[in-house]
Every structure is written in C-alpha cells, then in structure tokens.
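The values are calculated or read from the model by the stated rules, or taken from the named source; none is laboratory data. Remember, predicted model here, so these are calculated numbers, not experimental data. Methodologically, a virtual Cβ is constructed for each residue, glycine included, from the backbone with ideal geometry; neighbour enumeration extends over all protein chains shown. Heavy atoms of the whole protein, side chains included, go into the accessibility calculation; ligands, DNA and RNA do not. Shrake-Rupley method; radii C 1.70, N 1.55, O 1.52, S 1.80 Å.
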Amino acid sequence: MKILSIDTSCDETAAAVTDGTKILCNIVWSQASLHAKFGGVMPSLAQRMHQERIDWVIKRAMTNAKCQMINLDAIAVTIGPGLSIALGVGINKAKELAEKYTKPLIPINHVEAHLLSPFANSKLQIANAKLPMLGLVVSGGNTLFVRINKIGDYEILAQTVDDALGEALDKSARMLGLGYPGGAILEKMARLGNPKKFTLPIPLVGQEKRQIFSYSGLKTSFYRLIESNKLRDKNFPSKQDVYDLSATFQNVAFKHLLRVIEYRVLSIKSPKITSFLLGGGVSANIEIRKRLRRLGRKFGFNLHIPYSNKLCGDNAAMIGVAAYLKIKYEKLNLDGFMDYNKIDRNPRLKLN
Ligand code: KG4
C-alpha cells in the first residue's frame, strides 16, 4: 500500500512515501536552527516556513521514491497533537492533493505514529508479535507510557502531569547555555560528566503508584542548584561543572522515568509482555535505551527502537507507517476516507 504522508505538527516540514512498513523516501526539513534564537518554537514562524517548504518536501519525497501521484493508494496527514497553525498547513495541502487526485485521506495522530515508529523498515510484524505490548513515547511534547492491546487500542499506564521529558531536557540544557533543542547536546555533555558530583532529588519517590511522570519540580531544583553554586563561586560553572550538571540532570530524569515504568511493569501479572516499543525524539538517547534494555533483561521483554535516528524525531514516514498499520489491522476500508470535510486539525488530540 503506497502512501504519501505529511507532517507539519511542530518545527519540521516533512513528507514521505511508504509502502506498507517499508520507507521509500523520508524527507525532513528542520526549522530548528531558525527557532533556536527564541529558545523554543515560534508558532507563526513555523507556519510561514511550512508554507514555504511544503511543496518542495512533497516533490522531493515523490521524486526520490520514483513515485507518481497516480500510483498512490492514499495520502496520510497528521491532524494533532501539535501547533494549531502549523498543523493547518499540512492538512490543507493534503486535502488539496487528495481532492485533485481523488485519493483517500487518512488522518493520523502524531503520538500514535511515534509509538508505532519501531515497525518502520523492521522485521517486527504485528501479525507474529505477541500482544499486548508496552510502548513509551518520549518527545518534546509527550511522555506517555501505554499498553498496546492491539493497533488502535491503547491503555494509558502513565503520563506526565507537567513538562514532557524532552522539554525538561531542553530547558535544563538552556539553563546551562547549551542551545536549543538541547536534549542531544545534554547527552553529549553528560557522557563526559560525573552524575554523582551534584545532588538532585528524584521526583515522586515513593509515589510511583500514582502513575504519573513529573519534571517541573526537578527543573526548579536544577535552577536552584546552579544559582546557589553561582553565589558561592563566581566562576561557576566551569566546563567540567557543565559536564557534571548535565550528567546529574539526565541521570535523575531517567531514574524517575524508569522507576515509574518498573513499578507499572511489576504490576502486570499476565499475560507476559515480550515486546516494548520506544519512540519519540528522546528515544535517540543511548543512555535511555541502555536502561530500558536492562529493564527488558530483568522482565523478559525485547526493546524495539526506530531503525534510525531520523525516525526518532518528527518525520512523515512514521505517519505513513501508522496509516498502513491502522488500515490493515483495524480492518478499515479506504473508501471510508473520501469525505475530506470531516478532517480537521486537533491540536490537543489524545491517544485514546
Ligand atoms: O519527537 P520530537 O522531534 O518532537 C516532538 O514530537 O516533540 O522530539 C524532540 C525532543 C527534543 O526535546 C529534543 O531535545 C529531544 O527530543 N532529543 C533528545 C535527543 N535527541 C533529541 N533528547 C535526549 N537525547 C537525545 N539524543
């Protein structure tokens, strides 16, 4: 099933062509460097850049995939969650193309696509995988731990009540003057640092059964830690201090994540879970993968991650793969996707 997919949910203008779970071409034009000077995403700038680039990414995706509009079985587009005015650009373009070439238009939830992204270009098949599976989406906008009963049937096991993990990593990186988005830079700095040099409280210790993640308290403690050290030493932070602070923040943020996940996994008595899917921008982090693999060895599940880092961050190939999996395993008929007026953006779209 050949699908042209489009995602303009945040600051990446993305288009891809997929065939089933196979990626034929995945074009991502990142605006991150343009937003960097604002320390975060500027919605109006994102919208303008999407408008400027959308035709270009679609044309490139189709050309590189050696695909023509006439050969497509469907078009898929992200309808949420995301920035409202940014989502609108992709949706309008998808509607325009679907109408022009009379193709079914499949609306896709961006978080569901991150969740299912490990299926892309992978031997992992839903048909021979044991369900339920566990899934974790850790990105700039979401921290969501779910039980996947089947495609389209997700039970939330834990989610953040304030900042998402990626957002917290970005903000802590900013406090250290490391630039935006800071998660990947913080990871590099953390590799050179000692995570025990400074002390930060692990959020919600002893409250794991509340099934929530929370990062805002940790962020405040980190700010206070930096400021109190600055008062004591006007040369603070040195280069080594930045490495140690990065290592400390990342370690405590991941410890909290893993504690809540382990608590939930322990409470699942049966059936036995054998697969754990990991997706979202933070899933590119080597340390988080290491810790989840360790947990997998303890509980007997395999960790499945996106096949490349390009699939961890925002991209459109995951939208095409999610659309295919939903059509196939929710047994949906493509003829039911011809009413384009029904499709609208939903910036706060929930997974379930
Ligand atoms: O999935 P994504 O591109 O956007 C959303 O849908 O939110 O995720 C972006 C997030 C940012 O917070 C970025 O700092 C983080 O993913 N990120 C990382 C790494 N690479 C990207 N965080 C930690 N380690 C990384 N290597």
Exercise. Does Lys272 qualify as being not aliphatic (A, V, I, L, M) and not in a helix (DSSP H, G or I)?
Worked result: yes
Exercise. Among Phe119, Phe145, which is more than 16 Å from the ligand (Cβ to nearest atom) and of a type in the set (Phe, Trp, Tyr)?
Worked result: Phe119
Problem set entry | Odd one out for Phe301 among (1) more than 11 Å from the ligand (Cβ to nearest atom); (2) surrounded by fewer than 16 Cβ atoms within 10 Å (Cβ to Cβ) | (2)
For this session: Filter segment 87-126 down to residues that are under 17 Å from the mean Cα position of the chain (by Cα) and either part of a helix (DSSP H, G or I) or farther than 21 Å from Glu12 by Cα (or both), then give me how many there are.
Result: 11
For this session: Tell me which residues, restricted to segment 9-55, are touching a residue at least 40 places away in the same chain (Cβ under 8 Å), closer than 22 Å to Cys67 by Cα and open to solvent by 60 Å² or more (accessible area, probe 1.4 Å).
Result: Lys22, Arg53
Problem set entry | Checklist (1) open to solvent by less than 10 Å² (accessible area, probe 1.4 Å); (2) away from the ligand (no atom under 16 Å from the Cβ); (3) not aliphatic (A, V, I, L, M) applied to Lys100, failing item | (1)
Problem set entry | Among (1) charged (D, E, K, R); (2) closer than 30 Å to Ser5 by Cβ; (3) touching a residue at least 24 places away in the same chain (Cβ under 8 Å), the one test that Arg289 misses | (3)
Exercise. If you take the residues in segment 323-344 that are in a loop (DSSP other than H, G, I, E, B) and surrounded by 14 or more Cβ atoms within 10 Å (Cβ to Cβ), which one is farthest from the chain's Cα centre (by Cα)?
Worked result: Leu332
Exercise. Hey, among Val77, Val89, which residue is buried (at least 16 other Cβ atoms within 10 Å of the Cβ), touching a helix residue (DSSP H, G or I) at 6+ places or on another chain (Cβ under 8 Å), among the β-branched types (Val, Ile, Thr) and within 16 Å of Ile106 (Cβ to Cβ)?
Worked result: Val77
For this session: Using the structure shown, decide if Asn71 is surrounded by fewer than 21 Cβ atoms within 10 Å (Cβ to Cβ) and over 27 Å from Val137 (Cβ atoms).
Result: yes
Seminar exercise, completed: Residue set Gly320, Gly313; condition buried (at least 22 other Cβ atoms within 10 Å of the Cβ), assigned to a loop (DSSP other than H, G, I, E, B) and not hydroxyl-bearing (Ser, Thr, Tyr); output residue Gly313
Problem set entry | Residue count for segment 262-289, restricted to those that are small (Gly, Ala, Ser), open to solvent by 20 Å² or more (accessible area, probe 1.4 Å) and either within 14 Å of the ligand (Cβ to nearest atom) or in contact with a Ser or Thr (Cβ under 9 Å, 6 or more places away or on another chain) (or both) | 2
